[in-house]
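Accompanying notes for the structure given below.
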Amino acid sequence: RIVYLNGQWLPEDEAKVSIFDRGYTFADAIYEVTAVIGGKLLDYPGHVTRLKRSLEAIGIPMPVGENELLDLHHEIVAKNGVDEGLIYLQVSRGAEDRNFLYSEDLKPTFSMFTQAFPVLANPKVESGITVVSMPDGRWVNRQIKTVQLLYSSLAKMEAKKQGADDVIFVEDGFITEASSANFHIITRAGVLVTRHLSNALLHGITRGSVLGLAGKADLQFEERAFSVEEALDAAEAFVTSATNFVMPVVSIDGKAIGSGRPGASTLKLREIYIADKL
Ligand code: PDD
């Protein structure tokens, strides 16, 4: 692969970052993941807007201008001949001697790489995924897309040990989201319910797109908190993310949701989302 690092295109094994980089020592970095289908970027404007918001929240400057950023996205897809997959980008505060206090004028470290994989023909769509619930032990500013992903990574490993595909986090009796996706239900009355936006969860770009398309799937939606019990009583459930699009969830903690199979409205939403983005 050809990767991007601080203004240079390099073979992946020649891209080097300092061990003093604060992304490495403090997880002091922001990231974004954008899906690519047929060489096309999905929901790109939303991802850039969130990148700017995340960087601003922790006081890291945008490393390049917006036009250049878009060009870099197109270039990295072209250089790597990516048909389906993702673009990962990360901006860390920069490198200096380890110190909890950082210099305000550090030069950010900006890297990008691609990962190719079948996004559309994901075999999990047929079966749906299973999840287990766990306490949400992440920090409180989950609307900022930082690379502090250890808790989520450990939780997903634990879910796997328990035989599940993913985890849904619960805080104060209500579901926040999955390890790296937003979680939603469709009630038996046919209402799409998704948690309202706050610091408790990442403001998913796919979530926003899907809510905008709910009408096309004959679904009304409500944004509010809901519990595991309410989710288990729902007709359908699904997660959304840049890499999953709309992915059916068929059970929580070993208990089936609805028929225990991917729901019809969920699959319709997935089709509508894909048709809208391509
Ligand atoms: N994760 N919630 C969390 C905690 C996430 O990490 C993500 C995305 C989402 C969905 O956001 P979006 O629809 O904008 O992708 C929700 C990416 C895909 C990742 O970490 O790989």
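The values are calculated or read from the model by the stated rules, or taken from the named source; none is laboratory data. For clarity, every value in this text was computed on a predicted model and none was experimentally measured. Note that we place each Cβ from the backbone using ideal geometry, even for glycine, and neighbour counts take in every protein chain shown.
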Next on the checklist: Condition check: within 13 Å of the ligand (Cβ to nearest atom), among the aromatic types (Phe, Trp, Tyr) and modelled with pLDDT of 95 or more. Does Tyr4 satisfy that?
Outcome noted: no
Next on the checklist: So Ile175 passes all but one of these: (1) over 18 Å from the mean Cα position of the chain (by Cα); (2) more than 23 Å from Thr49 (Cβ to Cβ). Which condition number does it fail?
Outcome noted: (1)
Checklist entry - surrounded by fewer than 16 Cβ atoms within 10 Å (Cβ to Cβ), away from the ligand (no atom under 11 Å from the Cβ) and either of a type in the set (Asp, Glu) or touching a residue at least 40 places away in the same chain (Cβ under 8 Å) (or both) - does that describe any residue in segment 157-166? => result yes
Checklist entry - Quick check, is Glu229 without any contact (Cβ under 8 Å) to a residue 60 or more places away in the chain, in contact with a strand residue (DSSP E or B) (Cβ under 9 Å, 6 or more places away or on another chain), acidic (Asp, Glu) and more than 14 Å from the ligand (Cβ to nearest atom)? => result no
Checklist entry - Here is a list of conditions, (1) loosely packed, with under 14 Cβ neighbours inside 10 Å; (2) of a type outside the set (Phe, Trp, Tyr); (3) touching an Asp or Glu at 6+ places or on another chain (Cβ under 7 Å), and Val170 meets all of them except one; can you say which number that is? => result (1)
Checklist outcome for this item: All conditions in (1) in contact with a helix residue (DSSP H, G or I) (Cβ under 7 Å, 6 or more places away or on another chain); (2) within 16 Å of the ligand (Cβ to nearest atom) are true of Ala217 except (2)
Checklist entry - Which one of these is under 25 Å from Ile144 (Cα atoms), of a type in the set (Val, Ile, Thr), part of a helix (DSSP H, G or I) and outside the structural domain of Leu86 (by TED's automatic domain parsing): Val239, Val210? => result Val210
Checklist entry - Identify, please: which residue in segment 173-182 is within 11 Å of the ligand (Cβ to nearest atom) and buried (at least 20 other Cβ atoms within 10 Å of the Cβ) and is, among those, farthest from Arg195 (Cα to Cα)? => result Ser179
Item to check | Extreme residue, nearest to Ser179 (Cα to Cα), among residues of segment 242-278 that are part of a loop (DSSP other than H, G, I, E, B) and among the hydrophobic types (A, V, I, L, M, F, W, C) | outcome: Ala242
Checklist entry - For segment 35-58, how many residues are without any contact (Cβ under 8 Å) to a residue 40 or more places away in the chain and more than 28 Å from Val246 (Cα to Cα)? => result 1
Item to check | Failed criterion for Leu72 (all others in (1) exposed (fewer than 15 other Cβ atoms within 10 Å of the Cβ); (2) at pLDDT 95 or above hold) | outcome: (1)
Checklist entry - What is the one condition in (1) within 14 Å of the ligand (Cβ to nearest atom); (2) closer than 24 Å to Gly85 by Cα that Asn141 does not satisfy? => result (2)
